[in-house]
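The structure under discussion appears below in the form of structure tokens.
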Amino acid sequence: MYLELDLEVSAARIFKDRISNASRSVEEDGDSTIASVQKDVRERVANERKRYQKAYGVDPYDLEHFDLVIDTSRHSPQTVALTVFDHYRKWLQTDGWEQVRESVPLATPTKPILKPRMYLICFVRTAVFSIIV
């Protein structure tokens with residue numbers, strides 16, 4: 001499973017978190033602009049790509065290695081969890097599996113209709129039950 005996120009959206013989320021969460025504020029030598037966050041993200045991706053290539057001989061950002069690719073740009077964490085759970089249930093019932101790319105169309109609301117906390121508790125219990133059985 002690969003959770004895909006556009007660089008601009010990623011940088012905006014990190015920037016917002018740095019502003020609103022005091023425990024994740026920028027280090028003293030860090031810059032607090034979206035452009036600097038984008039630069040940091042690009043550098044991190046490049047470093048991870050090199051590290052994984054050296055250690056395992058694979059590119060961790062090559063989507064061909066993943067059975068499920070979810071574009072999280074317009075997904076809430078609850079929607080991502082539900083999507084993973086739905087595809088996991090489908091995977092359990094199949095002998096073969098082809099890569100699935102999941103994204104939210106522009107006109108689709110991003111907020112789940114069900115209460116997320118209650119549904120996620122069911123997700124965790126079902127997943128744990130499925131793994132134990």
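Values computed for the structure shown
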| quantity | calculated |
| --- | --- |
| First in the stretch 32-57 and of a type in the set (A, V, I, L, M, F, W, C), second anywhere and not in a helix (DSSP H, G or I), Cβ under 7 Å, 6 or more apart | V45/Y61 |
| Selection within the stretch 37-85 - touching a His at 6+ places or on another chain (Cβ under 8 Å) and surrounded by 15 or more Cβ atoms within 10 Å (Cβ to Cβ) | L68, T83 |
| The stretch 64-93 residues that are small (G, A, S), paired with ones that are assigned to a helix (DSSP H, G or I) and modelled with pLDDT of 90 or more (beta carbon under 7 Å, 6 or more apart) | S73/V9 |
| All positions within the stretch 68-101 that are touching a helix residue (DSSP H, G or I) at 6+ places or on another chain (Cβ under 9 Å), in a helix (DSSP H, G or I) and among the β-branched types (V, I, T) | T79, V84 |
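The values are calculated or read from the model by the stated rules, or taken from the named source; none is laboratory data. Just so you know, these numbers come straight off a predicted model, no measurement behind them. Positions of Cβ are generated from backbone atoms using ideal geometry, with glycine treated the same way; all protein chains shown enter the neighbour counts.
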